[in-house]
Amino acid sequence: MNALDFYIDGRWETPRDRATLEVIDPHDEQPFSRISLGNQDDLDRAVAAAQCAFSDFSRWSREQRLDLLAAIIEGYRRRSDELAGLVHREMGAPLSLARSAHVPAGLGHLQRAHEVLRDYAFDRVHGSSLISREPIGVCGLITPWNWPLNQLTCKVAPALAAGCTVVLKPSERAPLSAMLLADILHEAGVPAGVFNLVNGDGACIGDGIARHAQIDMVSFTGSTGAGIAVAKAAADTVKRVSQELGGKSANLILADADFDAAVRHGVAGCLRNAGQSCNAPTRLLVPRAMQERAMAIAREVAARVCFDDSDPATAMGPLANAAQFSRVQRMIGAVLEQGGRLVCGGVGRPAGIVRGYFVQPTVFAEVTPDMAVAREEIFGPVLAIMPYDSEDEALAMANDSPYGLSGYVSAGSLERARAVARRLRTGMVHLNGSKADNGAPFGGYKQSGNGREWGVFGLEEYLEVKSVFGYQPG
C-alpha cells in the first residue's frame, strides 16, 4: 500500500496527474505523509466496481458473511499496533488513548456486527405476507477525523454484514488508518469491488458521493453544516441519507448526587480526546449554590492534564489540525469578549509548549443559555459551567439547544436519574457516569442527525424493507 494509492475493485492503484495533500502530524505541525486527492473519474470507477460486485455479494449466505467478518476481526487484531500508531500521528490522540480507546472501539464494532448478523431475522412472516429486509445496495460512506477507526468500523462493518457494497471517503485530514483498514479488508478476502476507498476533499468526492445516481445510500458523520450540504446534494436522487452530526451535550448534576465525583467525571469526559467528540459533555449544569465548588474541582482536573502521555489517565493530545486549532482559539477569544467568567485556560498554547496544535483546557463559569459557548459546538477542550435554581430550570436549559445528541444525568438515586432522562430531548442519556453500550443505538434528535448507528439499529440503516403479499397460503 502506497499512501498515494486508492483502493478500487480489489486492488491498490496509483492515480496519475492528481493533486496531492500533505498529512500533518498535529504534535509538531510537520508533514509525514502525502495522499492523492481523487476526482469524479476516480469516484465513478469506484462506484462502478461496487455496483458490479453488489449482484453477487448481496446473495452471499449469512455464514459466508460471518466468516468474512471473522477474518476481518482477526486481521484487525493482528495489526492493532499499526492502527494505533497511525491514529496517534494523523489526528493527535495520545498513543495511550489510541491503544486503549480508538483501536478497541473499532474492534468492538466489528465484533458487534458479527454478533448481530449471527442472530438477525432478515425474513419475518406477518399473516400471509413475508416482510423481508434486503441490502440497500451501493453505500457511500463519509467519515470524520476525530474518531477515525470508530466511525469507519461502525459504518463498514454493518454495511458488509447486510450484504452491501461500499465506497468510502475518509477524512483527508486523517486518511491513513482508513487505508490500513482497507489493507486489512483486502487480506481478509473481501471480494473485488465490495469495498472501495477514494481519498479526496468534501467539495469533490464528498459532494460527488452525495449526488451520485448509482449510490443508493449515504452515511455521513461530521458537522451539522456539512451534513445539511450532503442532504441537499443527495435530494435529487432521493437516496437514503443517514447522518450523525454535531452536539452540545448537557451534563445535569442534581443536588443529591455524589457531587465531587460527578463533576470530576464530567470535566474529564469533556477533555477526553481533546474535546473532539460530538457527544462530549460540554455543558455542566450544577445547582447555583454549588457552582463555586464545581469551579474549584474543574480547575483541579484541568491542572492535572499532561501533554506528553507521561500519565495516560490525564494525557491530552493536540487538536487534530490547523483549521480546528484556529477555530477553537477564535471561539475562546469570543467568549472572553462576551464577558465569560474564565475559571482556567484561555487563548494560546499550554505553558512551555511552542509547537503543535495544543490547546489549554479551558473552563468558563456563570454561563447563560444565550452565550455562544452554551450554544455552539466548539469541538475542543472547552467546558461551560451553567448554574440553575431548580430541576425544571435545569431541564429547560438542557433542552434549549439546536442539538440533541447526548445527555448526562447524575442523581442520588437511579430512579430520579431515570425520571430526568425521560425529559431530555436527546438520542442518548448516560446515567450516573455510565459508559456507552455499542449494542444500543447511537444518534441524536434535532440537528444532531437523523439516523442511528451501532448494533441492530446500525445494521438496519443498510437494509431495505420488502413486503411479499400472498407469500403464505391464505
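Just need a number here: residues in the stretch 255-276 that are basic (Lys, Arg) and within 17 Å of ALA365 (Cα to Cα). If you could, list the steps in order and put the result at the bottom.
Quick first cut of the stretch 255-276, residues basic (Lys, Arg) only: 264, 272.
If we keep only those that are within 17 Å of ALA365 (Cα to Cα) too, we end up with 264.
Qualifying residue count for the region: 1.
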Practice item. Could you tell me whether any residue of the stretch 339-347 is buried (at least 18 other Cβ atoms within 10 Å of the Cβ), over 26 Å from ALA101 (Cβ atoms) and small (Gly, Ala, Ser)? Key: yes
Check your understanding: Taking the stated definitions as given, is ASP123 charged (D, E, K, R), assigned by TED's automatic domain parsing to the domain that holds SER80 and either crowded, with 24+ Cβ neighbours inside 10 Å or touching a Lys or Arg at 6+ places or on another chain (Cβ under 8 Å) (or both)?
Key -> yes
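Among the candidates GLY92, GLY140, GLY108, single out the residue that is crowded, with 17+ Cβ neighbours inside 10 Å, under 17 Å from the mean Cα position of the chain (by Cα), on the phi > 0 side of the Ramachandran plot and not basic (Lys, Arg). Quick ask: steps written out before the conclusion?
Working: GLY140 fails: on the phi > 0 side of the Ramachandran plot; GLY108 fails: on the phi > 0 side of the Ramachandran plot.
Going through GLY92, GLY140, GLY108 in turn, the sole match is GLY92.
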Exercise for review: May I ask you to list the residues in the stretch 22-36 that are in contact with a Pro (Cβ under 9 Å, 6 or more places away or on another chain) and not charged (D, E, K, R)?
Suggested key: VAL23, ILE24, PRO26, HIS27, SER33, ILE35, SER36
Practice item. Filter the stretch 216-253 down to residues that are touching a helix residue (DSSP H, G or I) at 6+ places or on another chain (Cβ under 7 Å) and part of a loop (DSSP other than H, G, I, E, B) and give me whichever is nearest to GLY140 (Cα to Cα). Key: LEU245
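For the stretch 49-76, how many residues are touching a strand residue (DSSP E or B) at 6+ places or on another chain (Cβ under 9 Å), among the hydrophobic types (A, V, I, L, M, F, W, C) and surrounded by fewer than 17 Cβ atoms within 10 Å (Cβ to Cβ)?
1
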Exercise for review: State the number of residues belonging to the stretch 13-39 that are of a type outside the set (S, T, N, Q) and without any contact (Cβ under 8 Å) to a residue 60 or more places away in the chain.
Suggested key: 10
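Here's a check for you: in the stretch 396-450, which residue that is aliphatic (A, V, I, L, M) and assigned to a strand (DSSP E or B) is surrounded by the most Cβ atoms within 10 Å (Cβ to Cβ)?
Of the residues in the stretch 396-450, the ones aliphatic (A, V, I, L, M) are 396-398, 405, 409, 411, 414, 417, 419-421, 424, 428-429, 431, 436, 440.
Filter again for assigned to a strand (DSSP E or B), leaving 409, 428-429, 431.
Values: VAL409: 29, MET428: 24, VAL429: 19, LEU431: 16.
The residue in question is VAL409.
Out of everything in the stretch 1-50 that is polar (S, T, N, Q) and modelled with pLDDT under 95, what residue ends up being nearest to TRP145 (Cα to Cα)?
Taking the stretch 1-50 as the starting set, the residues that turn out to be polar (S, T, N, Q) are 2, 14, 20, 30, 33, 36, 39-40.
So of that shortlist, the ones also modelled with pLDDT under 95 come out as 2, 14.
Numbers: ASN2: 20, THR14: 23 Å.
Filtering first and then ranking leaves ASN2.
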Practice item. Among the residues of the stretch 323-363, count how many are under 18 Å from GLU29 (Cα atoms) and part of a helix (DSSP H, G or I). Key: 7
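The values are calculated or read from the model by the stated rules, or taken from the named source; none is laboratory data. Since we're looking at a predicted model, the values are computed, not measured. Backbone-built Cβ (ideal geometry, glycine too); neighbour counts: all protein chains shown.
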